[in-house]
Amino acid sequence: DGEGGPRDAGIDPASRPRQGDPRAVRRVGVIGGGTAGYLTALALRAKRPWLEVTLVEAKGIPIIGVGEATTPSMVPFLHHYLGIDPQELYEAVAPTWKLGIRFDWGGKPGGFMAPFDWGSNSVGVLGSLATQDDINAFTFQSLLMERDRAPVFRSGDDGRLSLMKHLPFAYHLDNARFVRYLTELAERRGVGHIDAKIDEVVLGADGWVDHLVTDGGERLDFDLYVDCSGFRSLLLGKALDSPYVSFADSLFTDRAVTAIVPHHGRIKPYTRATTMDAGWCWTIPTRDDDHVGYVHSSGFISVEEATAELQRLYPEAHTFRTVHFRSGRHEEAWIGNVMAIGNSYAFVEPLESSGLMMITLGILSLVGSLPGSWDEPCPRKVVNAALAKKWDEIRWFLAMHYRFNTRKDTDFWRACRADTDVSGLEALLEVFAGGAPLRFRDPVVRGFLESTAPTFYGLDGVDCLLLGQGHPTRLLPMTEPVDAWRARKAAADVLVDRALTAAEALAAFDQDPRLNAQLVGD
Ligand code: FDA
């Protein structure tokens, strides 16, 4: 049966199928071999070990394959939920650490930081605003980010390394390398594999999927079908025709030109988002190079012009590719015996690194609510409502990036400021205009906002983004003397002095395999 993984953890006894039940859920077909497909197959094997899981992919249809930035929840998902050994991932995939996003955003020189510890681990700024410009500059992680440091510190006395485990961090992953590793792991853990293109999805009289037919004419039968076929959305979109909810009124981009740029060993501990003439550019550091991509709107710029602008930003850029996409979600992720996870269900541009996070949320929803038999009640409705709500939240959160970007010198940005639909944010923006940071507001107002407003990364995420962009508000008074805050910042600076650069820290981890396990924790 191959390598075990964390098989016995988290098994809900109610989800086990009973012997002899003709409607039992036993055979699962995962259609698609990108990140969504492999992570789903591995999770089902790990958490529902009685399932027979088969992944079907057409090797001839490529996966997304670009550098991808994740969020902190990905680290425990990989290592604790799926039981992936941190050192093994480090050796096979060579991730780099991400402490947040640097927004070179709008007209403001220097942009602003969105570190993962915004709010929770600040060196005092939240209690002691000096000016609006100070507000995003001084969390502990943003100090590390500004100086390209990793959360790995050399002790003054004996030079030993220590790790600051409570700092949230995420990974930058080279998608192609990550999927290669997951493919090999899935084989070791007993996931079945079929390399074939699905040509036909045959529905039964009840509207459920009855079986699939491959391009070689082979018939494939499963009890549950997980659609991880990417933008093609073979089962959910094409066969079941789940209506599509477009986000195009809020998000005008529909294409990306991607490329590779040498970083000459200068590895940044953050993802960068840079405003461009008709969109923005991501810069994601991998161990070998930076992966970059200019997300833009085809209505405002051609591929040739976008490529030329990307080359002006990064003269050494090479290996250009074009990716087309649309922003939105299907009305429902789970219909009958089909659940879609990944781009087959929904997609937004990677401005806040939400894609892989939403994939893991889809996986947790499926694994946590899969009944042992289709005769048992199944919480599809609540899963569909929860996933749709979360996707709508990211739509509104991204819309805030466009509507309030202060750059006004191109048609694209003028259109964004004038026309970006932010109607879902009306109540939230009204409260923000009355006084911010929102975290200083009365707990009752905060509670109402938290339960009703579409924030995606919570109220701290909204504060960080809107204050960072200089969005007008009444700044709430300091609760701590500026001197006390300055003293704390000075103490943090001393610690940051002892932090290794991201490149030095990676070299130290190469030497000492124990460090990875320590960083990831128990
Ligand atoms: P993907 O397209 O990778 O895989 C689809 C699979 O389906 C393939 O294996 C293909 O062979 C298979 N398939 C299709 N048709 C088939 C058929 N007929 N028969 C059999 N198999 C078939 N997310 C994030 O968190 N951070 C980031 O930085 C980014 N960056 C980013 C950049 C760009 C340009 C895009 C387009 C997307 C991102 N994302 C992201 C989101 C990203 O796409 C997503 O997070 C994962 O890579 C998941 O991709 P999927 O597995 O859904 O599709």
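Given R₀ = 45 Å, what would the calculated FRET efficiency be for ALA427 paired with HIS166, taking r from the Cβ atoms and rounding to 0.05?
About 0.85, to the nearest 0.05.
Let me confirm the definition first: pairs of Lys residues in the chain, 8 or more apart or on different chains, C-alpha distance under 16 Å. How many are there? Provide the component values of the computation, followed by the final result.
Details: LYS59/LYS197; LYS98/LYS165; LYS98/LYS268; LYS108/LYS408; LYS197/LYS238; LYS381/LYS389; LYS381/LYS390.
Lysine pairs satisfying the spacing and distance rule in the chain number 7.
At q = 0.13, 0.23 Å⁻¹, work out log10 I(q)/I(0) for segment 288-389 with the Debye formula, treating every Cα as an identical point scatterer and leaving solvent out; two decimals please.
The computed values of log10 I(q)/I(0) come out as -0.63, -1.20.
Contour minus end-to-end for ASP206 and ALA418, with contour as 0.36 nm per residue of separation and end-to-end as the Cα-Cα distance? Before the final figure, lay out the partial values.
Numbers: separation 212, 0.36 × 212 = 76.32 nm, distance 4.68 nm.
Contour length minus the Cα-Cα distance gives 71.6 nm.
Spelling out what I want: for every residue of segment 226-242, take phi, set θ = phi - 60°, compute 6.51 cos²θ - 1.76 cosθ + 1.60 (Karplus), and round to whole Hz; glycine and proline get x.
9, 8, 10, 8, x, 4, 5, 6, 4, 8, 5, x, 6, 6, 8, 6, 5
Considering only C-alpha atoms, what is the centroid distance from segment 396-449 to segment 24-73, in Å?
What the calculation gives is 36 Å, centre to centre.
Under a Cβ-Cβ cut-off of 11 Å, what is the net charge of the residues other than LEU234 that fall near it, where Lys and Arg count +1 and Asp and Glu count -1?
Values: positive: LYS197, ARG232, LYS238; negative: ASP199, GLU200, ASP227.
Local net charge: 0.
Going by average Cβ neighbours within 10 Å, how do the peptides 149-157, 491-499 rank, with the highest at the top?
Working: 149-157: 17.6, 491-499: 14.9.
Packing proxy ranking, top to bottom: 149-157, 491-499.
Once phi is turned into ³J(HN,Hα) by the Karplus curve 6.51 cos²θ - 1.76 cosθ + 1.60 with θ = phi - 60°, what whole-Hz value does each residue of segment 485-493 show in order, with x for glycine and proline?
Rounded to whole hertz, the list is 5, 4, 5, 5, 5, 4, 5, 5, 4.
What percent antiparallel are the DSSP beta bridges of the chain, to the nearest 5? Before the final figure, lay out each step's value.
Working: 56 of 77 bridges.
Here the share of antiparallel DSSP bridges comes out near 75 percent.
How long is the gain from SER451 to HIS318 if the chain were fully straight, where each residue apart is worth 0.36 nm and the alpha carbon distance is subtracted? Intermediate results must be reported in sequence, preceding the final value.
On the way: separation 133, 0.36 × 133 = 47.88 nm, distance 4.58 nm.
My answer for the length gained is 43.3 nm.
Under a 5 Å amide H to amide H cut-off, with H placed in plane at 1.01 Å, what residues pair with LEU203 once short-range neighbours are removed?
ASP210
Spin-label point model (7 Å from Cα, Cβ direction): what's the ARG18 to SER298 distance in nm?
The answer from the label model is 5.3 nm.
Can you order the peptides 432-445, 30-43 by their average number of other Cβ atoms within 10 Å per residue, highest first? Don't jump to the answer; show the numbers that get you there.
Numbers: 432-445: 16.5, 30-43: 27.5.
The densest-packed peptide leads the list: 30-43, 432-445.
Which of the peptides 446-454, 281-289 is most tightly packed, and how do the rest follow, going by the mean number of other Cβ atoms within 10 Å of each residue? Walk me through the numbers before you get to the answer.
On the way: 446-454: 14.4, 281-289: 21.8.
The peptides rank, most packed first, as 281-289, 446-454.
Helix-only mean residue ellipticity at 222 nm, the chain, DSSP H runs n ≥ 4 weighted -39,500 (n - 2.57), per residue, nearest 500. What is it? Let's see the in-between values first.
Details: 14 runs with 164 residues, N = 522.
Calculated mean residue ellipticity at 222 nm is -9500 deg cm²/dmol.
Here, each number is a calculation from the coordinates, and none is a lab measurement. Owing to the predicted nature of the structure, the values given are computational and were not obtained by experimental measurement. Neighbour counts run over all protein chains shown; Cβ positions are idealised from the backbone, glycine included.
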